[in-house]
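Here is the structure we will look at.
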Amino acid sequence: MTRTLACDRFILLGMTIREATTSDAGAILSIIVPTIREGTTYALDRDLTEADALAYWMAPDKETFVVEDDGVVVGTYFMRANQPGGGRHVCNCGFMTSASATGRGVARRMGEHSLSHARSRGYRAMQFNFVVSTNERAVRLWQSLGFAIVGRLPLAFRHPTAGYVDVFVMHQHLVDPAQGTRPDV
């Protein structure tokens, strides 16, 4: 996979999605740290330091993006190969939205952008490995964008208020599976 952007900016409904830079660190932290501390959607240590949280979100194996609305970062997502070697044709993403932007379509825009970007990168599928079942908004969103629940991990997530809950593996083909299974296709 190449590391050049298919387009420098993606503008949709007044929101701009662009590749994150180091100058976005503070804005990204203002989104990811509260989500991590809440502990309801990501299997990350709730006490993760800000430095470790940022290092995770912007690791070299990821392409990280931000969503701006009127110049304010309101969402962020990353994309990476789901697995190395024989699994690198499937990508994986993580998404977080600012609490102040909930319900404004930010997650949907990021999802749409990620699907387009993944196709431009040559990925054949997108897979979410750990969608917490109690995150019903996310499950509905991903299903509305064409993702299917292909697996259930029973009681795999310790939710801070709901206790042990199931986790879904969600998947979407990005190319027609009938195109063949040869690696060069």
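The values are calculated or read from the model by the stated rules, or taken from the named source; none is laboratory data. Treat the numbers as computed from the prediction; the structure is a model and nothing was measured. We place every Cβ from the backbone using ideal geometry, glycine too, and count neighbours over all the protein chains shown.
Residues in the range 14-35 that are assigned to a strand (DSSP E or B) and either exposed (fewer than 14 other Cβ atoms within 10 Å of the Cβ) or not aliphatic (A, V, I, L, M) (or both): THR16, ARG18, GLU19. Among the numbered conditions (1) touching a residue at least 12 places away in the same chain (Cβ under 8 Å); (2) touching a Lys or Arg at 6+ places or on another chain (Cβ under 8 Å), the only one that VAL73 does not meet is (2).
Taking the stated definitions as given, is GLU136 under 18 Å from THR40 (Cβ atoms) and acidic (Asp, Glu)? Against the criterion (under 18 Å from THR40 (Cβ atoms) and acidic (Asp, Glu)), GLU136 qualifies. Return a yes/no flag: does the range 36-51 have any residue that is surrounded by 19 or more Cβ atoms within 10 Å (Cβ to Cβ) and of a type in the set (Lys, Arg). No, there is no match, as no residue in the range 36-51 is surrounded by 19 or more Cβ atoms within 10 Å (Cβ to Cβ) and of a type in the set (Lys, Arg).
Residues that are surrounded by 11 or more Cβ atoms within 10 Å (Cβ to Cβ), small (Gly, Ala, Ser) and part of a strand (DSSP E or B) within the range 151-180 comprise GLY151, ALA156, listed in sequence order. Residue by residue through the range 134-185, note down the ones that are polar (S, T, N, Q) and either within 25 Å of ARG37 (Cα to Cα) or modelled with pLDDT of 95 or more (or both). The answer is THR134, ASN135, GLN143, SER144, THR161, GLN172.
Name the residues in the range 61-83 that are loosely packed, with under 13 Cβ neighbours inside 10 Å and either more than 29 Å from GLY14 (Cα to Cα) or touching a helix residue (DSSP H, G or I) at 6+ places or on another chain (Cβ under 7 Å) (or both), would you? Across the range 61-83, the qualifying residue is only ASP61.
Do we have VAL167 as more than 14 Å from the chain's Cα centre (by Cα) and more than 22 Å from LEU29 (Cα to Cα) here? Reasoning before the result, please.
Working: more than 14 Å from the chain's Cα centre (by Cα): yes; more than 22 Å from LEU29 (Cα to Cα): yes.
In short, yes.
Per the listing ALA138, ALA156, ALA125, ALA148, the residue uniquely touching a strand residue (DSSP E or B) at 6+ places or on another chain (Cβ under 9 Å) and under 26 Å from GLY14 (Cβ atoms) is ALA138. When residues in the range 105-126 are screened for being touching a Gly at 6+ places or on another chain (Cβ under 9 Å) and surrounded by fewer than 20 Cβ atoms within 10 Å (Cβ to Cβ), 1 of them pass.
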